[in-house]
Amino acid sequence: MPEVETTEFFPGVTRFSDGRAIEWRFVRGSFVDAGPALVWGRPRMPLVAGDEPAELEALLVLLDSANGASAERDIRTHALVVVDLGLNPHRHPVGRVAPPAIADDQ
């Protein structure tokens, strides 16, 4: 797991609100490089001001924001529209903890 969070976003894009609202830590790939990526993330702020989000709410915010993490096209010329979004967690998320350890084979 990278100890440093990602602060370099898409080249040539001056405004990326999800980039600032989410803490991103790339294990593989980046916003700069097109293609598949493996990234850990968590919201920096609640969805509703003054309301601490439940774990599932935080997961859904991250899910909705992560569509550009594995972009195949240049976002300056192609929109990243989430048209079909599904979530199949193997367990209910629990707690707001530090980044998890990731096995080398993932």
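Just a few scattered comments:
- Shape category assigned to segment 1-47 from the gyration tensor of Cα positions, a/c cut at 1.5: oblate
- Mean separation of Cα contacts under 8 Å, 6 or more apart, over the residue count of segment 1-80: relative contact order %: 29 percent
- When shorter helices are ignored and each DSSP H run of at least 4 residues is given -39500 (n - 2.57), the per-residue value for the chain at 222 nm works out to -4000 deg cm²/dmol.
- Environment charge at PHE10 (Cβ cut-off 12 Å; Lys +1, Arg +1, Asp -1, Glu -1): -1
- Reciprocal of mean inverse Cα separation for the chain (Kirkwood radius, Å): 14.9 Å
- In sequence order, segment 51-63 has phi-based couplings of 10, 6, x, 5, 4, 5, 4, 4, 4, 5, 4, 4, 4 Hz under the Karplus curve 6.51 cos²θ - 1.76 cosθ + 1.60, θ = phi - 60°, and Gly or Pro positions carry x.
- For segment 1-57, with +1 on Lys and Arg beta carbons and -1 on Asp and Glu, the positive-most of ALA54, ILE22, PRO36 along the dipole: PRO36
None of the figures in this text is laboratory data; all of them are computed from the coordinates on show. As the structure is a prediction and not an experimental result, all values here were calculated from the model. Quick reminder, even Gly has a Cβ in these numbers, built from the backbone with ideal geometry, and neighbours come from all protein chains shown.
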